[in-house]
1. Using the structure shown, decide if Gly278 is open to solvent by less than 30 Å² (accessible area, probe 1.4 Å), modelled with pLDDT under 95 and more than 30 Å from Glu198 (Cα to Cα).
2. For Leu334, indicate whether it is more than 30 Å from Asn221 (Cα to Cα), free of Cβ contacts under 8 Å to residues at least 60 places away in the same chain, open to solvent by 80 Å² or more (accessible area, probe 1.4 Å) and in a strand (DSSP E or B).
3. In the stretch 98-143, which residue that is charged (D, E, K, R) and assigned to a loop (DSSP other than H, G, I, E, B) is nearest to the chain's Cα centre (by Cα)?
4. May I ask you to list the residues in the stretch 149-166 that are closer than 18 Å to Asn288 by Cβ, in contact (Cβ under 8 Å) with a residue 24 or more places away in the chain and open to solvent by 30 Å² or more (accessible area, probe 1.4 Å)?
5. Of the conditions (1) in a strand (DSSP E or B); (2) among the acidic types (Asp, Glu); (3) surrounded by 20 or more Cβ atoms within 10 Å (Cβ to Cβ), Asp327 satisfies every one except a single condition; which number is it?
6. Working carefully through the options Arg176, Arg146, Arg169, Arg183, find the one that is open to solvent by 40 Å² or more (accessible area, probe 1.4 Å), touching a residue at least 40 places away in the same chain (Cβ under 8 Å) and outside any strand (DSSP E or B).
7. Would the stretch 362-373 turn up any residue that is surrounded by 16 or more Cβ atoms within 10 Å (Cβ to Cβ), over 27 Å from Ser57 (Cα atoms), modelled with pLDDT of 95 or more and aromatic (Phe, Trp, Tyr)?
8. With the structure loaded, tell me whether Leu311 is out of contact with any Pro (no Cβ under 7 Å at 6 or more places or on another chain) and in a loop (DSSP other than H, G, I, E, B) or whether it fails that test.
Amino acid sequence: MKRFRPLAILLALLFALVPNGLLAAESANWELGGHAKSLNLYREGDPAGLIDDSFDSANNLRLDLARPLGKESRFEFAVEGQARYSDADALGMERENTANRRLDLEKSRWEERRFSQRGEIDRLNLSGSHSGFAWNIGRQAIGFGRIALASPLDIIAPFAPDALDTDVRPGIDALRAGRFFGRGGEIGAVAVFGPHKESNSYLLHGETNLAGVDLLALGGNLRGRDLLGGGFATQFMGMGIKGELAGYRGEGVGTPDGDPREDFLQGALELDYRFAAGPLCALQYLHNGLGAKEPEDYPAIFLSAPIQEGLGYLLGRHYLLASISHDPHPLVTLGALGIWNLRDDSFLLRPLARISLGDNLSLELFWSFNQGASPKENESPIRLVIPRSEFGAAGDGGGILLKYFF
């Protein structure tokens, strides 16, 4: 993990900007918010017996500050800390968010121990607008695409399809400028700065509405890969219809940490509908071009650049994803997520209940069922564990997520 040397300097600058210190945030010029979250996750051991049952507890505290600077500019700052307990053999609950960050604004302690701490500055940016032109410079949140479950156009720090906590998008170091026009039209450019010059991204994007259809376009270079993509979003008889497609020219193909192939496509079609009785349902087909055709190739895909950078999270090629959400009571939401690997016939099913415990306080209870062919062992000439399915290689697991916003 990176060292956090600029933190003291940045905090000193922040205090200097705030009249009468940080407590002045209660004044009308400052916006103060944040959250406290506790994610406690139990995992059963994998079917191959390589990993024992485990327990993780990640506890986060976040503080958000924002202040207008004049009539058309804004300053935003957010700091987040995590205290985590993990069994010695437990898998990490989250991947480090370093692929799209140039500045060293993170610090961790006791990484190899069961109890660890981490802190980071997740927002630090200035933004402004004038006569339809908008800009933002610094650590900020950027998202593309319209598809909810797994968006091929959401290419900068996207959430995993089975992510539990998606309230706050991770911050990235970027420069963004755009021009708004018409009704919902926009054209813009984004430069994202990674740890090295070779990991920078330079993108152009556009959006407009034509005859009731939202059209999206995206192109440029993503951490060394040329890409071109587009999408649409519309409605028909109350049903939402969204489609997205992105094509990539692979980088570093054939190397251990490169892309899996010379060219690959990410594409999806999603339908959503809210029934009169209340349930909201979504169904999506996903073509995961960076994935493997056969399960024995999953380990190589897992180590490839797209997965390690967070561009993708699934290891196979073809998927069906589905979700349902219903509010049987104003304080209770019941839902479920399903991800089915069509190639190896394995799936994940996760029912979830969200209960409102008070103003800005909620509790989520969930359990994930993983079904599929278990890995097989090959002891000649050396002992190897060969996966036969994606979700069959993982044990079931569940837990609770407690969230409080202030």
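The values are calculated or read from the model by the stated rules, or taken from the named source; none is laboratory data. Given the structure is predicted, the values throughout are model-derived calculations rather than measurements. No Cβ is skipped: glycine too gets one built from the backbone with ideal geometry, and neighbour counts run over all protein chains shown. The accessibility values were calculated without ligands, DNA or RNA, using every heavy atom of the protein model including side chains. Shrake-Rupley method; radii C 1.70, N 1.55, O 1.52, S 1.80 Å.
1. yes
2. For Leu334, the condition - more than 30 Å from Asn221 (Cα to Cα), free of Cβ contacts under 8 Å to residues at least 60 places away in the same chain, open to solvent by 80 Å² or more (accessible area, probe 1.4 Å) and in a strand (DSSP E or B) - is met.
3. Arg101
4. Correct list: Asp162 only.
5. (3)
6. Arg146
7. No, the stretch 362-373 contains no residue that is surrounded by 16 or more Cβ atoms within 10 Å (Cβ to Cβ), over 27 Å from Ser57 (Cα atoms), modelled with pLDDT of 95 or more and aromatic (Phe, Trp, Tyr).
8. Considered against the rule, which asks whether it is out of contact with any Pro (no Cβ under 7 Å at 6 or more places or on another chain) and in a loop (DSSP other than H, G, I, E, B), Leu311 comes out as yes.
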